[in-house]
Structure formats: C-alpha cells, structure tokens
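This report concerns only the one structure given below.
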Amino acid sequence: MGKNLAVKAARAARDMTQKQLADAVGVSRQTINAIEQGEYNPTIRLCRSICRALGKTLDELFWEDEENEEIKS
C-alpha cells in the first residue's frame, strides 16, 4: 500500500489540517497521518466519512483503477 496522496491533496485543497479532518471524522490526527503515509488501511466506514468530509468519492480517494495506473506509467 503506497502513500495516499489523494487524501492529502483533497484535504489541502479544502485548507484543512490533519487535526481538522480527524475531528470531522472522529479519529485521531495520528490516524489521518497514518492513512496519508500509507501505514494504515482505514475501514470502509472511515473511508466513507473521510469522503463526506472532503466532498470526494471513494473512487477518487481510495480505489485506484489498476488499468489506469498502468496506462499512466
């Protein structure tokens, strides 16, 4: 599992700190940091909460299409 740059970028675009996002979804700042660093695989419930807080879809933030990844490389 690589770094989740999509979550970090979406959070930055909303001018939110890790702490603000963590508070919005009911987890610790450390949990948000671990998700962004690719060190923690969040539950589907947490993924959905993060998506709601950032106004993004699960596809945009968490589910990368492997075929598209290969094309980009």
### Query
Looking at segment 34-47, which of its residues are surrounded by fewer than 16 Cβ atoms within 10 Å (Cβ to Cβ) and part of a helix (DSSP H, G or I)?
GLN37, ILE44, ARG45
### Summary
Among the residues of segment 48-60, the number that are open to solvent by less than 30 Å² (accessible area, probe 1.4 Å) and at pLDDT below 95 is 0
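The values are calculated or read from the model by the stated rules, or taken from the named source; none is laboratory data. No experiment lies behind these values; they were computed from the predicted model shown. Cβ coordinates were reconstructed from backbone atoms using ideal geometry, including for glycine residues, and neighbour counts include every protein chain displayed. The area values use the complete protein model at the heavy-atom level, side chains included, leaving out ligands, DNA and RNA. Shrake-Rupley method; radii C 1.70, N 1.55, O 1.52, S 1.80 Å.
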